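Have a look at the structure below before the remarks.
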Amino acid sequence: MKLELDRSAFIAIDVQNDFCPGGALAVKDGADIIPLVNKLSAFFKYSIATQDWHPQTHVSFASSHLGANAYSSIIINGQENVVWPDHCVQGSRGADFHPSLRMEPYRLVIRKGTRPELDSYSAFYENDGKTATGLDGYLKGLGINTVVLAGLAFDYCVFFSARDAARLGYKTMVVEDASKPVGSPPGSVEEAVKDMQSRAVAIIKSGDILS
Ligand code: VGL
Ligand code: ZN
């Protein structure tokens, strides 16, 4: 794959303890992607990491909604939302990057989901679809036109970030073997793939870039 490295950014999504085995919102085999993520972050000239970073009480936590079970869908402000176990609480060990993630290559860390009443799956916009994280401005400021994404989880934060990247006009790729899904509710992965394909997001393998 021909990448113009001067105009491409690698974005590692939420490679944090809580999304890895043993964490509060563990993604099956989540930590297995880390060696590939490390190779990718070192390969690119511009690498950025995101960090899910919630206040102790957060609208996305099942514990904030009386009677709601984690991984179920409930209506919040007229919108259907999956609610989660408490995870990635600001300053907690679960919110830390996984110890195997090499941090040196990242020149920017974007923290998201920091507002108590608003979740943010995407690295670009919070879930209201309009509150910016600032990442788009940062990338545009560098003249970046291509975004390559990997991380956790494939069917949530990677997916929503890829979708926004494509919407913002970036050539967008998701590295499938350097991402792992939550897989809930059933069909979430297939739906994410279908949606990304309809937006011309390329779903690629790490070998397409690294070989
Ligand atoms: C994520 C659910 C809740 C993710 C974050 O990083 O994919 N998923 N918060
Ligand atoms: Zn979260």
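Here, each number is a calculation from the coordinates, and none is a lab measurement. The shown structure was predicted, so the numbers you read here are calculated from the model rather than taken from an experiment. Positions of Cβ are generated from backbone atoms using ideal geometry, with glycine treated the same way; all protein chains shown enter the neighbour counts.
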Quiz item: Can you name the condition, by its number, that Ser122 falls short on among (1) assigned to a strand (DSSP E or B); (2) within 16 Å of ligand 1 (Cβ to nearest atom)?
Solution: (1)
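This table checks each residue for (1) surrounded by fewer than 24 Cβ atoms within 10 Å (Cβ to Cβ); (2) away from ligand 1 (no atom under 15 Å from the Cβ); (3) outside any loop (DSSP other than H, G, I, E, B); (4) among the small types (Gly, Ala, Ser).
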position	(1), (2), (3), (4)
Ala9	no, yes, yes, yes
Ala12	no, no, yes, yes
Gly23	yes, no, no, yes
Val27	no, no, no, no
Lys39	yes, yes, yes, no
Self-check item: Residue count, region 87-116 (criterion: in contact with a His (Cβ under 9 Å, 6 or more places away or on another chain), under 10 Å from Pro55 (Cα atoms) and either hydroxyl-bearing (Ser, Thr, Tyr) or not in a strand (DSSP E or B) (or both))
Solution: 7
Quiz item: What are the residue pairs meeting all of these: first residue in region 87-100, first residue under 15 Å from Leu152 (Cα atoms), second residue among the charged types (D, E, K, R), Cβ atoms under 8 Å, and 6 or more apart or on different chains?
Solution: His87/Asp18; His87/Asp52; Cys88/Asp14; Cys88/Asp18; Cys88/Asp52; Gly94/Asp18; Ala95/Asp18; Ala95/Asp52
Quiz prompt | Residues located in region 58-84, provided they are crowded, with 16+ Cβ neighbours inside 10 Å and closer than 21 Å to Asp29 by Cβ | solution = Ala70, Val82, Trp84
Exercise. Report yes if some residue within region 137-146 is of a type in the set (Val, Ile, Thr) and under 12 Å from the mean Cα position of the chain (by Cα); otherwise report no.
Key: no
